[in-house]
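Q: Structure in structure tokens, see below.
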């Protein structure tokens, strides 16, 4: 059965080619006690050590009110050899009616090596149908900005507070917008820190 959110586990290790089959098996084992829900595709990318576990906790909290297909990616691009690991799990919360558990799927990947080149194929092959695609980018942006990735992003979430080269990073964000033909909605978390000040003014 799907792992409930309180465990914050990465879940069941799976081979890359069996992710969809194993997800279907999870829901078959639930015997109708759980309902899968998804309103958006949310991919979270980070190069920080331990980010997979931390972001799994974040996704567990997010899915309490926002059902999604979560794709959580932890990358070590300095590793000498290419290597990919994957896990599947589900974050389940009791519905307001109290009769069923509403569950959001999470697919986790650990990438090692010069691995940002794998992002488009990993992300696109695991998006949920035609739902909007939100990308939460928790690291610095890198050149080149892959047009195959950014052309499909509906919203990119980032935090400019952590940038050491603001102008250089903004140039890459603008490049991503160009690849998406200005369709991407930009969400800078740094601006949310000014909400109280803006309300006061």
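Each reported figure results from applying straightforward, stated rules to the coordinates on display, with no laboratory input. Model, not experiment: these values are computed from the prediction. Cβ coordinates were reconstructed from backbone atoms using ideal geometry, including for glycine residues, and neighbour counts include every protein chain displayed.
Q: Roughly what % antiparallel, to the nearest 5, for the DSSP beta bridges in the chain?
A: 35 percent
Q: Another one. Evaluate the range 140-201: find the radius of gyration of its Cα atoms, find its Kirkwood radius, and give the ratio Rg to Rh.
A: With Rg and the Kirkwood Rh in hand, the quotient comes to 1.04.
Q: I need the P(r) histogram for the range 28-133: all alpha carbon pairs, bin width 10 Å from 0 out to the longest distance, whole percents.
A: Pair shares across the bins are 15, 43, 30, 10, 2, 0.
Q: Go ahead and estimate [θ] at 222 nm for the chain from helices alone: -39,500 (n - 2.57) per DSSP H run with n ≥ 4, summed, over the residue count, rounded to 500.
A: Value at 222 nm, helices only, nearest 500: -8000 deg cm²/dmol.
Q: Something else now. Note the full-extension length gain between residue 118 and residue 15 as 0.36 nm times their separation in residues minus their Cα-Cα distance, in nm to one decimal.
A: 35.5 nm
Q: Picking from 54, 24, 100, which is most flexible by a Gaussian network model of the chain using Cα springs under 10 Å?
A: Of the options given, 24 has the highest mean-square fluctuation.
Q: The chain: percent of C-alpha pairs farther apart than 20 Å?
A: More than 20 Å apart: 59 percent of the Cα pairs in the chain.
Q: Treat the count of other C-beta atoms within 10 Å as a stand-in for reagent exposure and order 76, 159, 165 from fewest to most.
A: Starting with the residue having the fewest Cβ neighbours, the order is 165, 76, 159.
Q: With a cut-off of 15 Å, note down the residues of the range 129-148 whose backbone N falls inside the zone around a label point 7 Å from the Cα of residue 165 toward its beta carbon.
A: 140-145
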